[in-house]
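J.: Pasting a structure here, questions to come.
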Amino acid sequence: MPSSTSLRATLSLAALLSASIAVAAPADAGDKARSLRVDRNELVNTGGWKLASATGAQADALRAPGVAFEVSFTGKDVRANGGCNDLRGTYTVSGKRMTFQIAIATRMSCEDEKNRADQAFSELMNRSFKAELLEPLPYRLRLTSDDGQVLEFEQLPIRI
């Protein structure tokens, strides 16, 4: 049977460890995402971005069976695919605003639903958005248009 001194020491150590863990964890961990600045390096140095959610008047047009939009960025260019066709264009970042000029770049023979999703995505992206990078990992890129459309993309791992 342990002595009362060693038992008190063990309990004191356990209390100290519990207190240090509570201090180390942020008070709102898991409750709130932290918004970060958006710059080209943060957009480019990923494996791309997958559309995780869309809300707003045009969001339903993006939901078609077998459609999962992915976007990738280079210096000034943006590429997207997901429905059927490739979409290409340019983007600019200025402060917390991103502006896109994107269009369908291929003319594949696809199911009508997928073609409509491609068209809806290119139309939805051709505007200016408030842009936010959200953490914790994986990063999310939230784009909010002035008319209330919200697109949230999840960062994809770098492909080797």
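J.: Does the range 53-67 hold any residues that are open to solvent by less than 70 Å² (accessible area, probe 1.4 Å) and modelled with pLDDT of 90 or more, and which are they?
T.: Ser53, Ala54
J.: Related question: Specify the residue that is most open to solvent (accessible area, probe 1.4 Å); the eligible residues are those in the range 107-130 that are over 28 Å from Gly95 (Cβ atoms) and of a type in the set (D, E, K, R). Explain how you work it out, then say what you get.
T.: First, the residues of the range 107-130 that are over 28 Å from Gly95 (Cβ atoms): 107-119.
Next, only the ones that are of a type in the set (D, E, K, R) stay: 107, 111-114, 116, 118.
Details: Arg107: 192, Glu111: 110, Asp112: 104, Glu113: 85, Lys114: 48, Arg116: 145, Asp118: 0 Å².
Filtering the range 107-130 for residues that are over 28 Å from Gly95 (Cβ atoms) and of a type in the set (D, E, K, R), the one most open to solvent (accessible area, probe 1.4 Å) comes out as Arg107.
J.: Within the range 89-146, can you find the residues that are part of a strand (DSSP E or B), closer than 18 Å to Phe69 by Cβ and over 18 Å from the mean Cα position of the chain (by Cα)?
T.: Gly89, Thr90, Gln101, Ile102, Ala103, Ile104
J.: Which condition does Ala14 not pass, out of (1) surrounded by fewer than 14 Cβ atoms within 10 Å (Cβ to Cβ); (2) over 17 Å from the mean Cα position of the chain (by Cα); (3) at pLDDT 80 or above; (4) not β-branched (Val, Ile, Thr), if it passes all the others?
T.: Only one criterion in (1) surrounded by fewer than 14 Cβ atoms within 10 Å (Cβ to Cβ); (2) over 17 Å from the mean Cα position of the chain (by Cα); (3) at pLDDT 80 or above; (4) not β-branched (Val, Ile, Thr) is unmet by Ala14, namely (3).
J.: Separate question: Report the residue count in the range 118-152 for those that are acidic (Asp, Glu) and touching an Asp or Glu at 6+ places or on another chain (Cβ under 7 Å).
T.: First, pick out the residues of the range 118-152 that are acidic (Asp, Glu): 118, 123, 132, 135, 146-147, 152.
Right, trim to touching an Asp or Glu at 6+ places or on another chain (Cβ under 7 Å) and you get none.
Looking only at that region, the number is 0.
The values are calculated or read from the model by the stated rules, or taken from the named source; none is laboratory data. Owing to the predicted nature of the structure, the values given are computational and were not obtained by experimental measurement. Glycine gets a Cβ as well: all are built from the backbone with ideal geometry, and neighbour counts include every protein chain shown. Note: accessible area is taken over every heavy atom of the protein model, side chains too, but ligands, DNA and RNA are not part of it. Shrake-Rupley method; radii C 1.70, N 1.55, O 1.52, S 1.80 Å.
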